[in-house]
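The values are calculated or read from the model by the stated rules, or taken from the named source; none is laboratory data. What you see is a predicted model, and the numbers here were worked out from it, not measured in a lab. Methodologically, a virtual Cβ is constructed for each residue, glycine included, from the backbone with ideal geometry; neighbour enumeration extends over all protein chains shown.
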2 protein chains.
Amino acid sequence: MSKMYKKLLLAPGPTPLPQEVKIEGAKDIVHHRDPESKKVLGKCMENFQWLLGTTGDVFLLASSGSGAMETAVQNVVSPGDKVIVVNAGNFGTRWLKMTKAFKANVIEIGKTWDKIVTPEELKKVLDENPDTKAVFCQLSETSTGACSNVKDFAEIVSKTSAITVVDGVSGVGVVPLYMDDWKIDVVVGGSQKGLMIPPGLAFIAVNKKAWKMVEECKQSRFYFDLTQYKKHVDSGNMTPWTSAITIVNQANVAFDMIRSEGKEEMWKRYSKLAVAVRQAIHALNLELWSECPGDAVTAVKIPEDLKDGGKIPAIMRDDFGITIAGAQGSYKGKFIRIGHMGAMDFYDELCCISALEKTLYKLGWKFELGAGLTAFQKALID
Amino acid sequence: MSKMYKKLLLAPGPTPLPQEVKIEGAKDIVHHRDPESKKVLGKCMENFQWLLGTTGDVFLLASSGSGAMETAVQNVVSPGDKVIVVNAGNFGTRWLKMTKAFKANVIEIGKTWDKIVTPEELKKVLDENPDTKAVFCQLSETSTGACSNVKDFAEIVSKTSAITVVDGVSGVGVVPLYMDDWKIDVVVGGSQKGLMIPPGLAFIAVNKKAWKMVEECKQSRFYFDLTQYKKHVDSGNMTPWTSAITIVNQANVAFDMIRSEGKEEMWKRYSKLAVAVRQAIHALNLELWSECPGDAVTAVKIPEDLKDGGKIPAIMRDDFGITIAGAQGSYKGKFIRIGHMGAMDFYDELCCISALEKTLYKLGWKFELGAGLTAFQKALID
């Protein structure tokens, strides 16, 4: 392979950044307590409220998305509390491990990673456990690409005293979400996925029903203690600790771009892209991994009869300059993951399909060279 | 005041960035699990080992410095453990609140913020409490500028089964520190002070004596669980959650600059700068706040008979484009803080002294205009 000047990032996060966001990352530091920064922080919180569709509080954290997940657990789960975890992937498993680490009494609704948990299944378990305090689930399960029906989950939970906590790390900004309308109580997420900004910023949105639990929560907490965050927002200080202020500024630049496109338009664009990628996958004689593929990440089954199929991500990266992701944990080698989120455009995905074709060809997979590209192209002719 | 094009940041963190670091912040995102990023993360850890003077493990966190402080507490303090907190400032108080939040049995050695705790005082309390598990202190107390004698603290603690945990947030990279030689067991810090990189990255260094406590610790923890970090470093995966990879790259750029200057040379340069600022302060008929001023931050007493002295930071910022910091908490209005850390050069401090003179003049303080600048200039003639 000749030297590659162009490398493309199509993993399900971190994702590529728009030029405007990159340039913002090179600017001078403004002190996080400067009046200018306070405005920037306030604007960023409002931007998140708008994107999430909530009038509830949004708090900005200096952490990765996992830190925001921990914030949710530490602030609504007291030791011994009964919680339900919907688990059909690596991040469902993360909720499981986290709630257990903080000594919750955890009921798991577990599935293999090619399946999703249905609202009916959740309802049954919730009915059997009326003392449940919180239900933890994923908007988009980053590890499998599956999108569960969090709208119906939240509708069911809203009829009880429990709250719905949604991991929106790879979903927010990519797939539809109307936090208040859908009666979701807590949404958490990170910066490095649909938001088109570097990793290191995270957020948590909390409605009134959940806030009561935050106030009553008996968990040991400090860095992620939301009562501290609330106090500092209310006093105009905005955050209790030093903000990742550069990334907050970058977020506002990205939000300007998102607002100018419109969030529904953006979700439609990603969806079109995902549909086209799925068409290409079929044209390459491959199958989708999940029974319920979402529009943020496409998981593609590695055929069992394809020798060295587990090497697809490494070959695509090392020989063809395209970074996608493999499967995580015990599913390693079973499927690959292609992101459609962040500043990924049609041409990025086109190059990704091209690299996937070349890789499959190299590995001896039977398909017609160009078939994926053609299917992708056809899917995007309006 | 005419429009200001040039604004200078001289707060005790976040600090200004060198051009090279800013440009690094505008580069394309590389996936944090890419082989290139793994090398970058490994190199950054080695850089920290070198700067801290330790052969122990260093872990990189996506958080602010307070997150690194929490990491120390969550990983070495089990509920009910007896700990000693050295507290003569806002960040000593942060150790106090944090250790209490995680249910430690806390013994506070407290002083007013113009004083420091001596090694003799620590020895006395430690002798009276042989069941102490850990001693928490500050290398540089960011809120007061004071530098305690952590070398002697650690020497005393090393003779017991307890460990010394040092908050190096504003000290690391600015004042001398030899973690292993000084027998310090844990050092934590953030990115936005002496390291000349944006906020959002933090670190914790842990030696063998402390690591045993990490393994035995009974605290609920997940995001900051160092056993997870260790597992991922050992497996070559480097970090358990998504890294703030852009800031890690920026850190390596800053470390290249620091290594090329030499750390001892750098510490000397900051010290010279601090000495010159203190000379200027005296020449302006002002007094230093702390009985033991350090070289990272200079705290200057606001004279009680200076009307509107509490407005100094706001006037310097709004009228003269210079950001310094006031005092925190209940000491607000009693002193101001000028940083000498990060990419602050002689000329930045010169402009700061100029703005301070103009501000004092405006407020009617009695001094000779130019006296501060002259003293600063004289102090730096070799």
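Checking A:T99 against (1) within 14 Å of chain B (Cβ to nearest Cβ); (2) touching a residue at least 60 places away in the same chain (Cβ under 8 Å); (3) crowded, with 24+ Cβ neighbours inside 10 Å, which single condition isn't satisfied?
Unmet for A:T99, out of (1) within 14 Å of chain B (Cβ to nearest Cβ); (2) touching a residue at least 60 places away in the same chain (Cβ under 8 Å); (3) crowded, with 24+ Cβ neighbours inside 10 Å: (2).
Which one of these does B:T112 not meet: (1) of a type outside the set (F, W, Y); (2) crowded, with 24+ Cβ neighbours inside 10 Å; (3) out of contact with any Ser or Thr (no Cβ under 6 Å at 6 or more places or on another chain)?
(2)
Scanning for something within 17 Å of the chain's Cα centre (by Cα) and of a type in the set (F, W, Y), does the range A:197-205 turn up at least one residue?
Yes.
Take A:L61 and tell me if it is in the same structural domain as A:D167 (by TED's automatic domain parsing) and surrounded by 24 or more Cβ atoms within 10 Å (Cβ to Cβ).
On the way: in the same structural domain as A:D167 (by TED's automatic domain parsing): yes; surrounded by 24 or more Cβ atoms within 10 Å (Cβ to Cβ): yes.
Answer is yes for this residue.
Applying the selection to the range B:143-194, what residues are among the hydroxyl-bearing types (S, T, Y) and without any contact (Cβ under 8 Å) to a residue 60 or more places away in the chain? Give the derivation first.
Filtering the range B:143-194 down to residues among the hydroxyl-bearing types (S, T, Y) leaves B:143-144, B:148, B:158, B:160-161, B:164, B:170, B:178, B:191.
Passing the criteria: B:S158, B:T160, B:S161, B:T164.
Out of the residues in the range B:79-92 that are away from every other protein chain (no Cβ under 11 Å), in contact (Cβ under 8 Å) with a residue 40 or more places away in the chain and surrounded by fewer than 19 Cβ atoms within 10 Å (Cβ to Cβ), which is nearest to B:Q138 (Cα to Cα)?
Only one residue fits best here, namely B:N90.
Condition check: surrounded by 24 or more Cβ atoms within 10 Å (Cβ to Cβ), out of contact with any Leu (no Cβ under 8 Å at 6 or more places or on another chain) and more than 29 Å from B:K334 (Cβ to Cβ). Does B:D185 satisfy that?
Spelling it out, B:D185 is indeed surrounded by 24 or more Cβ atoms within 10 Å (Cβ to Cβ), out of contact with any Leu (no Cβ under 8 Å at 6 or more places or on another chain) and more than 29 Å from B:K334 (Cβ to Cβ).
Looking only at the range B:126-144, count every residue that is buried (at least 17 other Cβ atoms within 10 Å of the Cβ) and not in a loop (DSSP other than H, G, I, E, B) and tell me the total.
Qualifying residue count, the range B:126-144: 6.
List the pairs whose first member sits in the range B:22-37 and is more than 7 Å from every other protein chain (Cβ to nearest Cβ), whose second member is surrounded by fewer than 21 Cβ atoms within 10 Å (Cβ to Cβ) and hydroxyl-bearing (S, T, Y), and whose Cβ atoms are under 6 Å apart, counting only residues at least 6 apart or on separate chains?
B:V30/B:S37
I need the full set of residues from the range B:97-132 which are closer than 30 Å to A:P79 by Cα and aromatic (F, W, Y), in order please.
Across the range B:97-132, the qualifying residue is only B:F102.
Just to be sure, is B:P198 closer than 20 Å to B:M341 by Cβ, in contact with a Phe, Trp or Tyr (Cβ under 6 Å, 6 or more places away or on another chain) and not in a strand (DSSP E or B)?
no
Report, by residue number, each residue of the range A:96-126 that is touching an Asp or Glu at 6+ places or on another chain (Cβ under 7 Å) and either under 16 Å from A:V166 (Cβ atoms) or assigned by TED's automatic domain parsing to the domain that holds A:V297 (or both).
Once the filter is applied, which keeps residues that are touching an Asp or Glu at 6+ places or on another chain (Cβ under 7 Å) and either under 16 Å from A:V166 (Cβ atoms) or assigned by TED's automatic domain parsing to the domain that holds A:V297 (or both), the range A:96-126 yields A:L96, A:M98, A:I109, A:I116, A:P119.
Which pairs have Cβ atoms under 8 Å, sit 6 or more apart or on different chains, and link a residue in the range B:304-316 that is at positive phi to one that is at pLDDT 95 or above?
Sorted first by the residue in the range B:304-316, then by its partner, the pairs are B:D308/B:L363.
Taking the criterion of being crowded, with 23+ Cβ neighbours inside 10 Å, of a type in the set (D, E, K, R) and within 19 Å of B:K208 (Cα to Cα), would at least one residue in the range B:152-162 satisfy it?
Within the range B:152-162 (the criterion being crowded, with 23+ Cβ neighbours inside 10 Å, of a type in the set (D, E, K, R) and within 19 Å of B:K208 (Cα to Cα)), the answer is no, since none of the residues qualifies.
In this structure, is A:G333 without any contact (Cβ under 8 Å) to a residue 24 or more places away in the chain, assigned by TED's automatic domain parsing to the domain that holds A:S290 and surrounded by fewer than 18 Cβ atoms within 10 Å (Cβ to Cβ)?
No: the conditions fail for A:G333.
Condition first: more than 12 Å from B:L60 (Cα to Cα) and facing another protein chain (nearest Cβ under 10 Å). Now tell me which residues in the range B:229-248 satisfy that.
Matches in the range B:229-248: B:T246 only.
Looking at the range B:192-228 only, could you name the residues that are more than 9 Å from chain A (Cβ to nearest Cβ) and among the polar types (S, T, N, Q)? Spell out the reasoning first.
So in the range B:192-228, the residues more than 9 Å from chain A (Cβ to nearest Cβ) come out as B:193-197, B:203-218, B:226-228.
Result: B:N207, B:T227, B:Q228.
Just one of the numbered conditions (1) touching a helix residue (DSSP H, G or I) at 6+ places or on another chain (Cβ under 8 Å); (2) among the polar types (S, T, N, Q); (3) part of a helix (DSSP H, G or I); (4) under 29 Å from A:T93 (Cα atoms) is not true of A:S330; which one?
For A:S330, the exception is condition (1).
Taking the range B:1-21 as the search range and keeping residues that are within 13 Å of chain A (Cβ to nearest Cβ) and without any contact (Cβ under 8 Å) to a residue 40 or more places away in the chain, which one is nearest to B:R259 (Cα to Cα)?
B:Q19
With B:I338, B:I322, B:I315, B:I381 as the choices, which residue is within 14 Å of chain A (Cβ to nearest Cβ) and more than 23 Å from the chain's Cα centre (by Cα)?
Residue meeting the stated conditions: B:I315.
Which one is nearest to B:G65 (Cα to Cα) among residues in the range A:39-67 that are of a type in the set (S, T, N, Q) and within 14 Å of chain B (Cβ to nearest Cβ)? Step through it out loud before you land on a result.
Within the range A:39-67, the first condition is being of a type in the set (S, T, N, Q), and the residues that meet it are A:47, A:49, A:54-55, A:63-64, A:66.
When the remaining residues are screened for being within 14 Å of chain B (Cβ to nearest Cβ), the result is A:63-64, A:66.
Values: A:S63: 11, A:S64: 14, A:S66: 17 Å.
Applying the filter and picking the extreme gives A:S63.
Mind listing whichever residues of the range A:34-82 are more than 17 Å from the chain's Cα centre (by Cα) and of a type in the set (D, E, K, R)?
Result: A:D34, A:E36, A:K38, A:K39, A:K43, A:E46, A:D57, A:D81, A:K82.
Pick out the one residue from B:D34, B:D57, B:D28 that is closer than 30 Å to A:D225 by Cα and among the acidic types (D, E).
One residue alone meets the criteria, B:D57.
If you go through the range A:10-45 one residue at a time, how many are under 15 Å from A:V248 (Cβ atoms) and β-branched (V, I, T)?
4
Could you grab me the full set of residues in the range B:341-378 that are outside any helix (DSSP H, G or I), more than 20 Å from B:Q279 (Cα to Cα) and away from chain A (no Cβ under 12 Å)?
B:G364
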